Amino acid sequence: MKLKPDEMEFFRACILPLLEYEPVCRMDSYVQHGNTTCLKHSLAVAYYSYTIGKRLRLKCDWAALVRGAMLHDFFLYDWHVRDKSRRWHGFTHPKAALSNANRHFIINRREREIILKHMWPLTPSFPRCREAALVCLVDKVCSVAEIFESIVSRFYRNLPALIEG
Ligand SMILES: [Fe+2]
Ligand SMILES: [Fe+2]
């Protein structure tokens, strides 16, 4: 699933200004799922949310969709490291991401909704705009793909040992 050249240009115009900020780039030093960093996960969620939305000809605020998706996991810590203050990471990280996003950028209503509601139904409140609903769905698909990719690559890494042994 690919973007048309003009769509790709728009996508890059939304993403590149965010990537100029050191805190956004710092997401690349935290693992999200398996072998995927937070930055790559967020980029994948932004790319596929935009691509799927375009292919389905949805009416969206595309800039808000891409920016919100890119910042939806902007919590800036390694959630795999045990820490009492973030024991409920799954429930609390949307608020941490929103707080960081507000600290560095001007976040509009749709972007806020995307970041805050992307963990539904784990967090109780339903995404109330189309952009947030789409990112919520694509985030789950990307997360499952990243987890399976890691399991499969681990299995294949062990394959020679299985044959020998
Ligand atoms: Fe998340
Ligand atoms: Fe995510």
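V144: surrounded by fewer than 20 Cβ atoms within 10 Å (Cβ to Cβ), within 13 Å of ligand 2 (Cβ to nearest atom) and at negative phi, yes or no?
yes
Hey, among the residues in the stretch 65-85 that are surrounded by fewer than 17 Cβ atoms within 10 Å (Cβ to Cβ) and among the basic types (K, R), which one's nearest to ligand 1 (Cβ to nearest atom)?
My answer is R82.
Among the residues of the stretch 42-89, what is the count of those that are within 16 Å of ligand 2 (Cβ to nearest atom), hydroxyl-bearing (S, T, Y) and modelled with pLDDT of 95 or more?
5
Take the residues in the stretch 59-91 that are charged (D, E, K, R) and in contact (Cβ under 8 Å) with a residue 12 or more places away in the chain; name whichever of them is farthest from I114 (Cα to Cα).
Step by step, filter the stretch 59-91, then rank; the result is D78.
Which condition number does L122 fail, the rest of (1) free of Cβ contacts under 8 Å to residues at least 60 places away in the same chain; (2) away from ligand 2 (no atom under 16 Å from the Cβ) being met?
Failing condition for L122: (2).
Are there any pairs, at least 6 apart or on different chains, whose C-beta atoms fall under 6 Å, with the first in the stretch 24-51 and hydrophobic (A, V, I, L, M, F, W, C) and the second assigned to a loop (DSSP other than H, G, I, E, B), and if so, which?
Filtered contacts from the stretch 24-51: C38/Y30; C38/D73.
Collect the residues in the stretch 121-135 that are surrounded by fewer than 22 Cβ atoms within 10 Å (Cβ to Cβ) and part of a helix (DSSP H, G or I), keeping them in residue-number order.
Answer for the stretch 121-135, where residues must be surrounded by fewer than 22 Cβ atoms within 10 Å (Cβ to Cβ) and part of a helix (DSSP H, G or I): R130, A133.
Looking at this structure, is L98 in contact with a Ser or Thr (Cβ under 9 Å, 6 or more places away or on another chain), over 18 Å from H33 (Cβ atoms) and buried (at least 18 other Cβ atoms within 10 Å of the Cβ)?
In short, no.
Report whether or not C142 is without any contact (Cβ under 8 Å) to a residue 24 or more places away in the chain, part of a helix (DSSP H, G or I) and closer than 26 Å to L3 by Cα.
No; evaluated as a whole, the condition is false for this residue.
The values are calculated or read from the model by the stated rules, or taken from the named source; none is laboratory data. Since we're looking at a predicted model, the values are computed, not measured. Cβ atoms come from the backbone with ideal geometry, glycine included; neighbour counts cover every protein chain shown.
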